[in-house]
């Protein structure tokens, strides 16, 4: 006997209804529960077939049906497969967007450097408040779990967690459902002691594993390395006051290492859309004491933003630099609006 689509739909309805109520499920309930538009008699025939195939059982005469272990197994396997397909689809979408964004930002850095004859830096966007959009645990081998945390703005964080034993598919499903039930929509400040204790209590023997997962999630939410793209570093040699070998070497190192410059660009406040100018000693970075650094913010959507920086001599053409930044901010805003 074949488990066709109609039987599978009825089996799903029986399992979902039983999970919700804990009561045996009859044909009349299923006729209201599905969109099959079948009579109770037809559904009873299908349920008889499902019982004969071993997917459901009748606990006692004249009662409805409940899922068997075989029925649960099929349901769990299909749920896991559906979730895996959703994750793969989401990963493909995110990778495509990420590749397009990288290409746009690298090109933008080049355009700035060419138009101004100064060095440029532009960072990939980040989200100013890390709310959890989705979580997925996947067993990659018997002693390792992959945790995928997707944050608002479609920022993806991956980490591996060591486990002492391979977990069953039912356990993985339970943990995934629990993590998303408790944590979806929360940010780090909202994952408090009460939430964590409730999760540990519900996890039972896996409470220690939940603690490890929560630690990984906290790390994902707290730390965010900023990807940055630079261009035009050699433009600094065009200006005699920066052409001294020691000064040039220090400045080139700062542009290559990027961290100090990205920290400077982000110190102004996440929602700031204005243009900031640091002249000489106003910059906290030793390497730029003989330079001017001009920064601006671009936005992709609410709360998702990145930074643009231009580094040149103190005698830079400020009017041209400010005009270039404003034009680029408008252009990036326009591109990202079209992508939505």
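Readers should treat all values here as calculations from the given coordinates under stated rules, not as data from a laboratory. Not measured: the values here are computed from a predicted model. Virtual Cβ from ideal backbone geometry, glycine too; neighbours counted across all protein chains shown.
Binning the C-alpha pair distances of the range 132-222 at 5 Å intervals from 0 yields a P(r) profile of 3, 14, 27, 29, 18, 8, 1 %, listed from the shortest bin outward.
What is the diffusion coefficient of the range 5-67 in µm²/s, taking the Kirkwood radius over Cα pairs and the Stokes-Einstein relation at 4 °C with a viscosity of 1.567 mPa s?
Calculated translational D: 115 µm²/s.
The DSSP beta bridges internal to the chain are antiparallel in roughly 100% of cases.
When the P(r) of the chain is calculated, the portion above 31 Å amounts to 54% of the C-alpha pairs. The mean sequence separation of alpha-carbon pairs under 8 Å and at least six residues apart, normalised by the residue count of the chain, gives a relative contact order of 15 percent.
Relative to the longest principal axis of the Cα atoms of the chain, the long axis of helix 245-257 lies at roughly 10 degrees.
Between residue 241 and residue 114, the simple label model (points 7 Å from Cα in the Cβ direction) yields a spacing of 2.8 nm. Residue separation of residue 162 and residue 200 scaled by 0.36 nm, minus their Cα-Cα distance, works out to 11.9 nm of gained length.
For the chain, what is the mean residue ellipticity at 222 nm derived from helices alone (per DSSP H run of n ≥ 4: -39500 (n - 2.57); sum divided by total residues; nearest 500 deg cm²/dmol)? Here the helix-only value at 222 nm equals -17000 deg cm²/dmol.
Please give the FRET efficiency for residue 103 paired with residue 252, using the beta carbon to beta carbon distance and R0 = 25 Å, rounded to the nearest 0.05. If you can, show how the numbers build up before the last one.
Working: r = 25 Å, r/R0 = 0.99.
The formula returns an efficiency of 0.50 here.
Axis angle, to the nearest 10 degrees, between helix 69-116 and the longest C-alpha principal axis of the chain: 10 degrees.
Full extension of the chain segment joining residue 73 with residue 282 gains 68.7 nm, where the gain is 0.36 nm per residue of separation less the Cα-Cα distance.
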